[in-house]
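Structure record follows, encoded as C-alpha cells.
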Amino acid sequence: MCANKDTFHFTNCSPQHFRFNQSLQYWQGVERYILESGVLALKRKISVLTGPVLDDQWRQYADWRVPLMFWKVVLRVNVAGKPQATALLVS
C-alpha cells in the first residue's frame, strides 16, 4: 500500500510523462537499450535509479512545485566483472 502512495508523488510521476517515457530519445530508449543489450543478451542484473533534480528550476502546479529536470543512473557489472555506471540528465 505504501508503494502505491509513493507512485503518485509529483517527483515520481513527473518523469513518467509521455515526452520522457514514450520516446526513444529519452528514458524509454535508454531503458530499452539496457534491457536488450545488457539484461537479456548478457543475462546481467542491473539497478536503475531515477529521481528529480531539486534546484530552483521548477513549475508551479496547484500548490506544488514540480521539478523540471530528472536524473537516471544505471548500475551494472560489465562482461569483465567490473562495476559500471551510466548517468543521464533530462529536462
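Readers should treat all values here as calculations from the given coordinates under stated rules, not as data from a laboratory. Everything quoted here is computed from the prediction, not taken from an experiment. Positions of Cβ are generated from backbone atoms using ideal geometry, with glycine treated the same way; all protein chains shown enter the neighbour counts.
Given that compact globular proteins tend to follow 2.2 N^0.38 Å, what is the ratio of the alpha-carbon Rg of region 22-91 to that value?
For region 22-91, the normalised Cα radius of gyration is 1.36.
So which aspartates and glutamates can Lys45 reach, going by Cα to Cα under 15 Å and dropping same-chain residues fewer than 8 places off?
Glu31, Glu36
Hey, what do the phi angles of region 53-65 turn into as Karplus ³J(HN,Hα) couplings, whole Hz, using 6.51/-1.76/1.60 and θ = phi - 60°, x for Gly and Pro?
8, 9, 10, 8, 9, 7, 10, 6, 9, 6, 8, 10, 9
Taking other Cβ within 10 Å of each residue's Cβ, how do Thr50, Thr86 sort, fewest first?
Least crowded to most crowded, the residues run Thr86, Thr50.
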